[in-house]
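Read the structure below first, then the notes.
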Amino acid sequence: MVKKGPIFSFFALLIVLGIIIAFSVKPIIHNVNLGLDLKGGFEVLYQVKPLKSGQKIDNEAMSNAVASINKRINVLGVSEPNISIENGNRIRVQLPGVKNEQRARELLSTTAKLEFRDYKDRLMMDGSDLVPGKAKVAFDEMNKPKVTLQLKDPSKFASVTKKITGYYPNNVLVIWMDYQKGDSYEKEAAKNKHKFISAPSVSQELNTSDVEISGSFTVQEANDLKDLLNSGSLPVRLVETYSTSVGAQFGQDSMKETIYAGAIAVAAIMLFMLLFYRLGGLIASLTLVIYMAVVMGVFVGMQAVLTLPGIAAMILGIGMAVDANIITLERIKDELRGGKTVLSAFKAGNKRSLPTVVDANLTTIIAAAVLFVLGVSAVKGFAVMLLISNVVTFVTSVYGARILLGLLVHSHALDNHPWLFGVKRSDIRGSK
Amino acid sequence: MDLNDKMNYKHYNKFYDRLDFMKHRNLFFTISVALIILGIVSLFIFKLNLGIDFSSGTRVDVQSTQPISVEKVDKAFRAMNYEPERPVLSGTHNNIATVRINKELDHNQIAELKSKMKDQFGIEPNVSTVSPQVGRDLAKNGLYALIIASVFIIIYVWVRFEFLQGLTAVLALIHDAFFIVTVFSLLHIEVDILFISAILTIIGYSINDTIVTFDRVRENIKISRKRLSTIEEFGDIVNLSIRETLTRSLNTVITVLIPVVLLLIFGSESIRTFTIALFVGLLCGVYSSICIACPLWAVLKVNYLKRRKRRRTVSTQPQN
């Protein structure tokens with residue numbers, strides 16, 4: 001006697017799940033954070049070095065450096081920046097989707113140490129004499145951009161300008177950005193492109209707190225200078241030790257190709273399961289759809305960044321999720337061949353396959369966890385996806401499949417139809 | 001169902017019901033030892049083609065809207081005074097060229113290179129640079145990851161099964177990992193950072209087959225309710241367990257091979273080495289789980305039991 005209740009529940013469950021998935025697809029897709037290998041962008045690993053000899057690179061110095069980098073990235077307006085400290089003295093900066101890579105790299109790594117020196121490169125004033133956050137962009141009468149600053153102490157400026165005036169004819173106040181030992185005004189002045197920002201002549205003592213820098217700026221350069229001065233100088237020196245940049249087109253192509261491969265793979269796996277396990281395969285395919293939705297949902301919910309290796313891990317995870325189905329369905333087939341009824345074969349198969357599935361998945365989780373802890377950047381993205389996939393597998397491929405198939409089995413509609421599991425009647429023990 | 005019943009019961013009539021995995025164990029062991037020797041020799045002669053991730057330098061992926069030639073790419077780089085290694089073409093229409101320069105470019109040089117390549121080929125290229133220190137750290141990290149994962153897996157299998165099974169399972173895994181390295185060395189495929197992910201995935205995945213088979217061995221030993229001691233007795237159990245789980249082992253590897261092969265054919269160039277490593281590892285993994293791990297365990301187990309017996313008889317002999 002076929003019970004209608006469980007069959008009704010089965011379809012009701014499917015419809016509910018279908019509606020949930022249909023409604024969550026859009027928000028999930030819209031909220032996926034694409035990594036820079038899919039979106040284009042760049043990633044730099046900086047080695048943090050001391051600015052002055054004797055400066056210690058400790059946790060405080062590192063977090064100050066990260067804070068400064070953060071401020072500068074805000075200037076760039078990158079939507080999903082990722083900054084992390086590695087190995088104690090390295091900072092990894094990932095900027096997916098950044099438009100002007102060259103500008104970003106310059107903004108990031110400059111220490112933005114503003115200094116005023118005389119023609120003999122003697123230090124007169126530096127950034128610490130400025131009122132923080134008061135740099136502005138203004139335009140002169142020629143409509144050329146300039147940057148205006150405010151000094152803390154007008155009398156200091158007065159004494160500096162007095163000194164400079166006395167150096168006539170070398171009465172220049174050289175404004176340097178990131179002056180390094182060995183740089184010299186005389187050498188740079190002879191060149192076409194100067195390393196210093198500007199070198200205005202000072203012909204009288206100036207007792208004022210307002211200073212302006214007018215160089216040959218473009219509007220953007222003036223804005224960047226203003227932002228750099230306002231976000232403060234970097235407390236450390238950053239040296240690029242690793243960098244990778246991906247063209248936007250490249251990223252899009254990679255994503256398209258990989259998703260295409262994944263879609264065919266999913267279809268092929270479903271076909272394989274249907275042919276081999278019939279109804280069991282159908283249930284496995286259904287749970288596979290749920291699996292994919294849940295994995296993506298969890299991934300987006302964790303605000304993890306989807307990278308190319310992440311997509312590969314997800315596709316691989318599909319194969320592994322199906323493994324849980326295969327282990328269970330093979331067990332059920334074994335039991336059916338042994339002459340059990342569909343109901344008891346289903347129960348015994350589930351019970352006996354569970355430890356195997358647990359062991360198999362836990363060992364993969366061990367490997368993925370090690371990758372997650374030790375891995376960096378691309379490897380980490382892969383490990384996160386592998387971990388999520390394995391955990392979700394338990395929910396969907398083990399319990400999800402069990403519930404769905406269980407409803408059908410308990411309706412007794414499958415009784416005496418072992419072929420629905422891919423078992424031939426002649427293979428069953430005791431049959432001729 | 002009792003064990004004799006199970007063994008005499010040849011109802012399945014599968015093609016592999018007559019396969020004797022234990023009988024050919026020495027052949028399997030010989031093949032694997034030969035492969036390992038081949039790998040060691042290959043590592044000495046051909047070494048590994050380490051990508052910039054593990055050494056240092058710059059890697060540029062030039063992409064074009066049309067097919068490109070090695071000469072054209074080479075010329076473009078020489079025009080900028082770089083000494084590129086021979087570009088490697090890839091992509092469905094040979095429209096991608098990967099170029100390595102044994103020099104770290106700074107960000108100004110990268111910017112210049114990118115804009116020149118974009119002008120010439122139409123699409124912005126990918127550029128990566130690695131300094132020697134970072135490369136060394138990555139390689140070291142990878143090795144640590146392998147060792148730590150192996151130790152944890154041995155412990156896990158030891159707790160869930162027995163030490164000898166944990167040991168043979170990990171031996172089989174190292175065998176798989178080394179085989180991937182061998183193939184990469186022989187074919188001179190570039191090893192990049194994702195290679196380590198691939199090896200760890202294989203380790204995490206390939207152990208599934210071994211575990212599932214050991215799981216069945218454990219179950220069948222329980223069913224037999226006998227004290228097994230000879231290699232023949234263990235052999236029967238091992239053969240039966242492998243046969244019983246063979247369909248599952250093969251089907252799983254097929255369902256994972258499907259996406260890997262499709263990624264290999266249609267997937268992005270950027271993860272090619274990764275998928276090649278997975279492909280090789282999966283095939284080797286299913287072989288080692290079936291033909292190496294179980295038979296090796298049976299041999300080790302029988303040896304261990306014999307030694308223990310000898311020790312017991314020695315210690316129980318009356319002292320003169």
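Data table
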{"read-out": "Any hit, the range B:126-136, residues being among the basic types (Lys, Arg), more than 14 Å from chain A (Cβ to nearest Cβ) and more than 30 Å from B:ARG218 (Cβ to Cβ)", "value": "no"}
{"read-out": "Scope the range B:220-248; condition among the small types (Gly, Ala, Ser), away from every other protein chain (no Cβ under 14 Å) and buried (at least 16 other Cβ atoms within 10 Å of the Cβ); matching residues", "value": "B:SER224, B:GLY235"}
{"read-out": "Condition broken by B:ASN108, with the remaining ones in (1) over 22 Å from A:PHE42 (Cα atoms); (2) part of a helix (DSSP H, G or I); (3) within 13 Å of chain A (Cβ to nearest Cβ) satisfied", "value": "(1)"}
{"read-out": "Members of the range A:221-268 found to be among the β-branched types (Val, Ile, Thr) and either under 22 Å from the mean Cα position of the chain (by Cα) or more than 7 Å from every other protein chain (Cβ to nearest Cβ) (or both), listed by number", "value": "A:VAL236, A:VAL239, A:THR241, A:THR244, A:VAL246, A:THR258, A:ILE259, A:VAL266"}
{"read-out": "Selected residue (criterion: modelled with the highest pLDDT) from residues of the range A:214-253 that are among the aromatic types (Phe, Trp, Tyr) and outside any helix (DSSP H, G or I)", "value": "A:TYR242"}
{"read-out": "B:LYS103 being surrounded by 15 or more Cβ atoms within 10 Å (Cβ to Cβ), of a type in the set (D, E, K, R) and more than 8 Å from chain A (Cβ to nearest Cβ)", "value": "no"}
{"read-out": "Selected residue (criterion: nearest to A:ALA22 (Cα to Cα)) from residues of the range A:281-306 that are touching a residue at least 24 places away in the same chain (Cβ under 8 Å) and within 12 Å of chain B (Cβ to nearest Cβ)", "value": "A:LEU288"}
{"read-out": "Only listed residue being exposed (fewer than 13 other Cβ atoms within 10 Å of the Cβ) and closer than 27 Å to A:VAL379 by Cα, chosen from A:ASN59, A:ASN82", "value": "A:ASN59"}
{"read-out": "A:ASP253, sole failed condition from (1) closer than 30 Å to A:LYS99 by Cβ; (2) out of contact with any Pro (no Cβ under 9 Å at 6 or more places or on another chain); (3) surrounded by fewer than 20 Cβ atoms within 10 Å (Cβ to Cβ)", "value": "(3)"}
{"read-out": "Whichever residue in the range A:341-361 is under 39 Å from the mean Cα position of the chain (by Cα) and surrounded by fewer than 17 Cβ atoms within 10 Å (Cβ to Cβ) and, among such residues, is nearest to the other protein chains (Cβ to nearest Cβ)", "value": "A:PRO355"}
{"read-out": "Residues located in the range B:116-136, provided they are buried (at least 16 other Cβ atoms within 10 Å of the Cβ), of a type outside the set (S, T, N, Q) and out of contact with any Lys or Arg (no Cβ under 9 Å at 6 or more places or on another chain)", "value": "B:MET117, B:LYS118, B:ILE123, B:GLY135"}
{"read-out": "Some residue of the range A:44-59 being closer than 28 Å to A:GLY301 by Cα and either assigned to a helix (DSSP H, G or I) or without any contact (Cβ under 8 Å) to a residue 24 or more places away in the chain (or both)", "value": "no"}
{"read-out": "Within the range B:86-97, considering residues that are within 18 Å of B:LEU264 (Cα to Cα) and crowded, with 21+ Cβ neighbours inside 10 Å, the one nearest to the other protein chains (Cβ to nearest Cβ)", "value": "B:ILE96"}
{"read-out": "Within the range B:137-165, tally of residues that are more than 25 Å from B:PHE195 (Cβ to Cβ), of a type outside the set (Val, Ile, Thr) and within 10 Å of another protein chain (Cβ to nearest Cβ)", "value": "2"}
{"read-out": "Residues being of a type outside the set (Lys, Arg), more than 16 Å from A:ASN64 (Cβ to Cβ) and more than 12 Å from chain B (Cβ to nearest Cβ) - total across the range A:99-134", "value": "14"}
{"read-out": "Qualifying residue in the range B:289-311 (condition: of a type in the set (Ser, Thr, Tyr) and either touching an Asp or Glu at 6+ places or on another chain (Cβ under 9 Å) or within 30 Å of A:GLY310 (Cα to Cα) (or both))", "value": "yes"}
{"read-out": "Residue within the range A:307-314 that is among the polar types (S, T, N, Q), more than 20 Å from A:ALA22 (Cα to Cα), more than 7 Å from chain B (Cβ to nearest Cβ) and not in a strand (DSSP E or B) present", "value": "yes"}
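The values are calculated or read from the model by the stated rules, or taken from the named source; none is laboratory data. No experiment lies behind these values; they were computed from the predicted model shown. We place every Cβ from the backbone using ideal geometry, glycine too, and count neighbours over all the protein chains shown.
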